[in-house]
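Here's the structure, in structure tokens; my notes come after.
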Amino acid sequence: MIRVGLIGFGMAGRVFHAPLISSVEGLELAAVVERTTNKAAERYPEITTYRSVEELLADASIKLVVVATPNSTHFPIAMQALEAAKNVVVDKPVALSADEVGQLAELAGGIGLRLFPFHNRRFDGDFLTIRKLMDERSLGRLVHFESSFDRWRPGLSSRAWKEEADEGGILHDIGTHLVDQALVLFGQPSAVGADIRRERDGDGANDAITIRLHYLTGFSVTLGANCLSSLARPRFHLRGTRGNFWKWGLDPQEDALGKITKITETKWGQEAADHWGTMSADVNGGLATQPVPSATGDYRLFYAGVRDVLLGNAAAPPVTPTDAWRVARVLEWAKQSSDEHRAIECDWSGEPG
């Protein structure tokens, strides 16, 4: 049994990490850091509540630490945990710069520890469906891929820290997921263009992004997210030489996790048929339009992969520090592109080993 310590019990800790850790055999949610409240203990009575990071890191029984705190604190807390000889999961973004991700990766590798970026949306059902369609070449040769994560949140976030510019805004929040999924599907682009802005009233962090990834083959990817879409765009739109695929709506796991402390549902991650995507593709010389059943998503697979690596039962982690470094570089180029109003050529040298 791997005893896990969770640092932070805001949305990330409460909705994602605590229920998932509690749902994976071989992991035990043993302790949570809450500075002033006891919300975690109310939901998980068996845990120990610590009031500081230092107290948790002093617990020799804790072998894996999960960092689920505001974005700007991820790097120093993860560094502190690694220096205390703990393996670490870090919620996205791992850090707010590629250089900081590289420092964490170098430290972890140098002392024989593991750093796991929490890029859980690799296990979204709709994303897994797209991977299957691409493997089957159902749409022929892809010419364009569009991924959008739109929300209607005209008011300020209830989590005030997210409105602070130095926390990275939607670029480092949803942008991390969008870029990570694109890199998994298509690899590293040759150039990045972007428009990053704040659209809502008042001062605060960026809340609308459009990122364009350009590839040497001429293929392109468009990624977008904003907080002022009362009518959202399709979550995914793929165009190919044989047809198109459209998918509306978000993976149901996040909403479901917010209501539970542990996954017990046997049909977890399965999407209702009325939320499936639609494919319109050439069949024997004519277009045929049909629903495409969504693959079953399961965020538990991330933590099962972490467990297997730590127990020596798997060599490859579910997400690597190099993956997080590449995402961070794309986000840096996107910010530079938006500031300078031009596409930025990608220089992929310097990535961690």
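Does D126 fit the bill of being surrounded by fewer than 21 Cβ atoms within 10 Å (Cβ to Cβ), in the same structural domain as T241 (by TED's automatic domain parsing) and either polar (S, T, N, Q) or modelled with pLDDT of 95 or more (or both)? Spelling it out, it is not the case that D126 is surrounded by fewer than 21 Cβ atoms within 10 Å (Cβ to Cβ), in the same structural domain as T241 (by TED's automatic domain parsing) and either polar (S, T, N, Q) or modelled with pLDDT of 95 or more (or both). Just one of (1) assigned to a strand (DSSP E or B); (2) under 12 Å from V330 (Cβ atoms) fails for D195. It is (2).
Number of residues in region 315-328 that are over 14 Å from the mean Cα position of the chain (by Cα) and either at pLDDT 95 or above or outside any loop (DSSP other than H, G, I, E, B) (or both): the value is 3. Among the numbered conditions (1) closer than 16 Å to H74 by Cβ; (2) crowded, with 22+ Cβ neighbours inside 10 Å, the only one that L178 does not meet is (1). Among helices (runs of 4 or more DSSP H) entirely within region 7-57, having at least 2 residues that are under 28 Å from D251 (Cβ atoms) singles out 18-22, 39-43.
The listed residues are I21, I77, I62, I111, and the only one of them that is under 23 Å from K162 (Cβ atoms) and either buried (at least 23 other Cβ atoms within 10 Å of the Cβ) or over 17 Å from the mean Cα position of the chain (by Cα) (or both) turns out to be I77.
Here is a yes/no grid of residues against (1) in contact with an Asp or Glu (Cβ under 9 Å, 6 or more places away or on another chain); (2) surrounded by fewer than 18 Cβ atoms within 10 Å (Cβ to Cβ); (3) within 13 Å of G8 (Cβ to Cβ); (4) at pLDDT 95 or above:
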{"residue": "Y44", "(1), (2), (3), (4)": "no, no, no, yes"}
{"residue": "E83", "(1), (2), (3), (4)": "no, yes, no, yes"}
{"residue": "K86", "(1), (2), (3), (4)": "no, no, no, yes"}
{"residue": "K92", "(1), (2), (3), (4)": "yes, no, no, yes"}
{"residue": "L96", "(1), (2), (3), (4)": "yes, no, no, yes"}
{"residue": "L104", "(1), (2), (3), (4)": "no, no, no, yes"}
{"residue": "P117", "(1), (2), (3), (4)": "yes, no, no, yes"}
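The single condition from (1) of a type outside the set (A, V, I, L, M, F, W, C); (2) without any contact (Cβ under 8 Å) to a residue 40 or more places away in the chain; (3) closer than 19 Å to A334 by Cα that K259 fails is (3).
Of the residues making up region 268-288, those that are more than 22 Å from L250 (Cβ to Cβ) and not polar (S, T, N, Q) are A281, D282, V283, G285, G286, L287, A288.
Restricted to strands (runs of 3 or more DSSP E) entirely inside region 224-302, those with at least 2 residues that are aliphatic (A, V, I, L, M) are 277-283, 286-292.
The set of residues in region 269-285 that are surrounded by 10 or more Cβ atoms within 10 Å (Cβ to Cβ) and either touching a Ser or Thr at 6+ places or on another chain (Cβ under 8 Å) or of a type in the set (A, V, I, L, M) (or both) comprises G269, Q270, E271, H275, W276, G277, T278, M279, S280, A281, V283. Of all residues in region 278-292, exactly one satisfies the criterion of being more than 16 Å from R137 (Cα to Cα) and touching a Phe, Trp or Tyr at 6+ places or on another chain (Cβ under 8 Å), namely P291. Checked against (1) in contact (Cβ under 8 Å) with a residue 40 or more places away in the chain; (2) surrounded by 15 or more Cβ atoms within 10 Å (Cβ to Cβ), D166 meets all criteria but (2).
Within region 137-146, not a single residue is under 25 Å from T320 (Cα atoms) and in contact with a helix residue (DSSP H, G or I) (Cβ under 6 Å, 6 or more places away or on another chain). Test R153 against the criterion of being farther than 26 Å from P318 by Cβ and surrounded by fewer than 17 Cβ atoms within 10 Å (Cβ to Cβ), and give yes or no. So R153 fits the description; yes.
The values are calculated or read from the model by the stated rules, or taken from the named source; none is laboratory data. Keep in mind the model is a prediction, meaning the values are calculated, not measured. In this analysis, Cβ positions are derived from the backbone assuming ideal geometry, glycine residues included, and neighbour counts consider all displayed protein chains.
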